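In what follows, a single structure is set out as structure tokens and then discussed.
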Amino acid sequence: MSGLRSFVARRLLLGALQTVAVVLLVFALTEALPGDAAVALAGDQPDPARIAAIREAMELDRPAWERLADWAAGLLHGDLGTSLVSGRPVSRYLADGFGPTLLLAVLTVALLVPAGFGLGVLAARHAGRPVDRLISSVTLAVYAVPEFALGVLLVTVFALRLGWLPPTAVGYGADLLAHPAALVLPVLVLLSRPVCSLVRLVRAGMIDALASPYVAQARRYGVSGARVRYTHALPNALAPAAQQLARTVDWLLCGVVVVEALYVIPGLGTVLLGAVAERDVPVVQGLAVVFGVLTVVLNLGADLIAHRLAPRAGVAA
Amino acid sequence: MHDDSTRSLPFPALRRRGFLAATGLGALTLTGCGGGSGSDSDDGAGDGSPKKGGRLRAAFAGGGASETLDPHLANLFADVARAKALFDKLADYGADLSAQPRLAAKWESNKTLDRWRVTLREATFHDGSPVTAQDVLYSYRRIADPKQAFRAKASLEPIDLDASRATGERVIEFVLKRPTAEFPNVLAAFGAYIVPENATGFDKEPVGSGPFRFVSFAPGRSAVFRRYDDYWEGAPHLDEIEFVVANEESARVNALLGGQVEYAHELNPTTARAHEDQGRIEIVRLRGSAMQAFCMKTDRPPFDDERVRQAFFLIADRRELVDGALSGAGEVGNDLFGKGYEYYADGLPQREQDLGKARALLKQAGAEGLKVTLDTSAVAAGFTEAAGIFRDQAKKAGVTVEVRMGSKDSYWSDILDNGSLCCYRSGAMPIEAHISQRLLTDSTTNATKWRHKDFDALYQQAQSTRDKTERAAVYERMQRRLYGEGGFLIWGFADWIIGTARGVKGVDAEAPANTLDWARFDTVWLA
């Protein structure tokens, strides 16, 4: 077990370094973008004197490394800094955006896991037969449809033509739970592609596992079909799926810009988009930290789960 | 240095539009033209008697989580719409961009036009206190604070705020640095809202004198305001107004069609055509809202030769540009700003494409086989389309135009001093403001580098002329000069398109975006 512990420790350390690298990279890239927050704010009135005044007010006239150092010093005290544009704390931006994003992610994953694994196992059990063909072709077809196209289609059909569901969540703000109907379409769109890739992964893993010598051995011992499938084959099939699932959760939590924009859900993706357009560097950095930490933690979790499910695979640090 | 009054309506909000358009969602691409029958103008003023009550939800593209209710920081359309619901200015623009009295009941100047006495009407803030001369001075001094960078600061520059003073509870004597005949334009300047004396924080319980009072505000999401019963112009018809933010045009349309909002601001021409006269929603087209131009830098080759500029005027097929780049939602321009506005020189003949004459002019200028780079960007709707169309038109006159795409976020700053030819647009503002901001030697955003002492002198002459007819004659002279050899090739004026639910009445259909009656909700009611 100590091996596992040192593995976790090494991964966490590596993760911290990765997060620092992400933040540095994001800072450098944001600085490299043409224009800064002052130019972006001045918009179509690029009066040089005004831009200079804004720059001074935002302290953008200080050297980049100095601003980064200040921000990093604040970060050590848990202070993510304040927005250049509004002067509000970055933590508030993150807190406000995280609620809707988390809600969507939780709902999506709650439906994704049973649907993905269920359909995957079902297809594997009927490999090569009509049920499998149907599931495989439908998942392939849906996977090929980009989110925005599916989103527009669903809104047109279910909201505008049939009038069953509200087309957007506009005006509901963070109180999305009070309007569950508004969540149906965005969750469906978010679900569409991950469910397909998960089904296909589980199906492939299951088929491989069912054809493997240890399953044949189990069968020879007279273990029942269901037990072979669910306690012997499935865990092995799940290992790659768990990592795919982690990537999906990461994708969901880091703000799904297209879905948020289409359905007017004020999540992290919207915050990120606004911050980049405004060159609001502290907000972009704050998001980079959050996204970096999330990615590291989720991937570590997935590795641990994969390790649990299929110890033979070992863990590659 | 420049008596600019309103700042043009900013379009940074449009930055966001580019995003999904790129992924194809907004790709109801601009095609063809509908010409678009006029809007429901009778829907505006005379559609039965107003009904009281109800809540109207209005969707705007917004500024995300950085939004604020500080009226002096107003930058986007959504900011202005909220600001004008909560606050008032001393004056505001009518449909022809002339200044109309608002909190100011009247203004009068001395003979030399450098001292103006403004008398306030009797109005109260939402906390019941009266609007006084001190509030006005405080507000203007806050805007002009050198440590701040409020947008209206440059507009208020003509005022000597140290010398200006309150001469009564509701009387202010403004001392100006120089004669300013169009001083009322300054009072109507973009963002020059009156706030109570010593007001600083505006995100919690902002107090104004506008038709609606604050209820709640969540930046980037929604703002709810309630009717102010003691509003000086009479209480609004609506009980409540809610501003909601939806940055994607398709989301605003969907929310309107789905009954989630009753008013959707800033729609695409294609959307308008799809839903016009279909009975589900009403489409309102605000004419003359956004000037569309190509901007030639007159201080550098090849445009330092006026014959090249004149040739370019003749290369443009304006109808084709309006139909192609604006989807027909607009009207053609005549190389002059402010079609339909006060002082517009409408007596000049409409310029048409004349490739033969253009070629001849280029030949005279020794610019045959001319190559020029046209800067554009997805910063505003129709920009890249206009650039492509103009490239093809120029080809017919033997001019090779190379289109160069620039960054959306820094476009306006990039084109101010760089390049020689670029796409340009401007929101509505008085013609005087357009001149002072862009066409004088010391103008801060002089993108055509139009610098002529005699032209500056004409502007000063206009500002020192008391008689309006005489002043109009000076403006006409200036416009003739620009028409003949200016740096702005103004090919069109885009409509600003708004969608409303069927029961919404009293929405003004005449006011260009950025004027008093645009995005004005105290006169709107739900039938």
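Please treat every number below as a calculation from the coordinates, not as lab data. Quick caveat: nothing in here was measured; it's all calculated off a predicted structure. Cβ atoms come from the backbone with ideal geometry, glycine included; neighbour counts cover every protein chain shown.
Compute the FRET efficiency between B:Ala472 and B:Ala105 as 1/(1 + (r/R0)^6), taking r as their Cβ-Cβ distance and R0 = 25 Å, and round to the nearest 0.05.
Working: r = 26 Å, r/R0 = 1.02.
Given R0 = 25 Å and the Cβ-Cβ separation, E is 0.45.
What size of dipole, in debye to the nearest 20, comes out for the protein assembly as shown about its Cα centre when the only charges are +1 on Lys and Arg C-beta atoms and -1 on Asp and Glu C-beta atoms? Numbers along the way, then the final one.
On the way: 91 positive and 94 negative charges, 688 e Å.
Roughly 3300 debye, rounded to the nearest 20.
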Equivalent ellipsoid, chain B (semi-axes from 5 times Cα gyration tensor eigenvalues, Å): 37, 30, 19
Dipole of chain B, positive direction: furthest Cα of B:Ala509, B:Leu439, B:Phe243, with charges on the beta-carbon: B:Leu439
Qualifying lysines (Cα of each under 16 Å from Cα of B:Lys357; at least 8 residues distant if same chain): B:Lys395, B:Lys396
Charge dipole (the range B:288-495, unit charges on Cβ, about Cα centre) - positive-most of B:Leu482, B:Gly366, B:Met291: B:Gly366
Low-density loop positions, GluC sites (Glu not before Pro), the range B:227-324 - DSSP coil, at most 16 other Cβ in 10 Å: B:Glu233
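How long are the semi-axes of the ellipsoid equivalent to the range A:84-158, from square roots of 5 times the Cα gyration tensor eigenvalues, in whole Å, largest first?
On the way: eigenvalues 285, 57, 18 Å².
Equivalent ellipsoid semi-axes, largest first: 38, 17, 9 Å.
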Partner chain coverage, peptide A:45-57 - average Cβ within 10 angstrom: 6
Pair-distance profile P(r), taking every C-alpha pair of the range B:288-495, with 5 angstrom steps and integer %: 1, 8, 16, 21, 21, 17, 10, 4, 1, 0
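What is the magnitude of the charge dipole of chain B about its Cα centre, with +1 placed on the Cβ of each Lys and Arg, -1 on the Cβ of each Asp and Glu, and no other charges, expressed in debye to the nearest 20? Present the calculation step by step, with values, prior to reporting the outcome.
Details: 67 positive and 74 negative charges, 169 e Å.
Taking the Cα centre of chain B as origin, the dipole is about 820 debye.
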Loop-exposed trypsin sites (Lys or Arg not before Pro) per DSSP, neighbour cap 14 Cβ within 10 angstrom, longest uninterrupted part of chain B: B:281-465
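Can you tell me what the convex hull of the Cα atoms of the range A:96-278 projects to on average, as an area in nm²? Please report the intermediate quantities before stating the final value.
Values: hull surface 48.2 nm².
Approximately 12.1 nm², given one-decimal rounding.
Determine the dipole magnitude for the range B:331-378: charges of +1 sit on the beta-carbon of Lys and Arg, -1 on that of Asp and Glu, nothing else is charged, the reference point is the Cα centre, and the result goes in debye to the nearest 20. Don't skip to the answer; put the middle values down first.
On the way: 6 positive and 8 negative charges, 67 e Å.
Using Cβ point charges on Lys, Arg, Asp and Glu, the range B:331-378 gives about 320 debye.
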Local electrostatic count, B:Pro349, Cβ distance below 15 Å [Lys/Arg +1, Asp/Glu -1]: 0
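Which loop-located chymotrypsin sites (Phe, Trp or Tyr not before Pro) does the range A:146-250 contain, where loop means any DSSP state but H, G, I, E or B and the Cβ has at most 11 other Cβ atoms within 10 Å?
On the way: sites: A:Phe148, A:Phe158, A:Trp164, A:Tyr172, A:Tyr214, A:Tyr221, A:Tyr230; in loops: A:Trp164, A:Tyr172, A:Tyr221.
In loop regions of the range A:146-250 (DSSP not H, G, I, E or B), the sparsely surrounded chymotrypsin sites (Phe, Trp or Tyr not before Pro) are A:Trp164, A:Tyr221.
Which value in deg cm²/dmol, rounded to the nearest 500, describes the helix-derived mean residue ellipticity at 222 nm for the protein assembly as shown, given -39,500 (n - 2.57) per DSSP H run of n ≥ 4 and division by the residue count? Don't skip to the end; give the middle numbers.
Working: 28 runs with 365 residues, N = 844.
One gets -13500 deg cm²/dmol as the mean residue ellipticity at 222 nm.
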Nearest-0.05 FRET efficiency for B:Ser216 and B:Ala274, computed from C-beta distance (R0 30 Å): 0.30
Under 14 Å from B:Lys363, Cα to Cα: aspartates and glutamates that are on another chain or at least 8 residues apart: B:Asp305, B:Glu306
In Å, descending, principal axis extents of the Cα set of the range A:148-249: 61, 26, 23
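Apply the a/c threshold of 1.5 to the C-alpha gyration tensor of the range B:443-527 and tell me whether it is rounded, prolate or oblate.
Numbers: a/c = 3.36, a/b = 2.14, b/c = 1.58.
Because a/c hits 1.5 or more and a/b exceeds b/c, the range B:443-527 counts as prolate.
In nm, what is the difference between 0.36 nm times the number of residues separating A:Ala28 and A:Val113 and their Cα-Cα distance?
On the way: separation 85, 0.36 × 85 = 30.60 nm, distance 3.78 nm.
26.8 nm is the gain from fully extending A:Ala28 to A:Val113.
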The range B:88-95 - phi-based ³J(HN,Hα) in whole Hz, Karplus 6.51/-1.76/1.60, Gly and Pro as x: 10, 9, 5, 9, 8, 8, x, 5
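Using 25 Å as the Cα-Cα cut-off, could you pick out the over-long pairs in B:Lys89/B:Lys204; B:Lys177/B:Lys468; B:Lys84/B:Lys177; B:Lys84/B:Lys204?
On the way: B:Lys89/B:Lys204 21 Å; B:Lys177/B:Lys468 21 Å; B:Lys84/B:Lys177 29 Å; B:Lys84/B:Lys204 17 Å.
Flagged as over cut-off: B:Lys84/B:Lys177.
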Gyration tensor (alpha-carbon) shape descriptor, chain A, a/c threshold 1.5: oblate
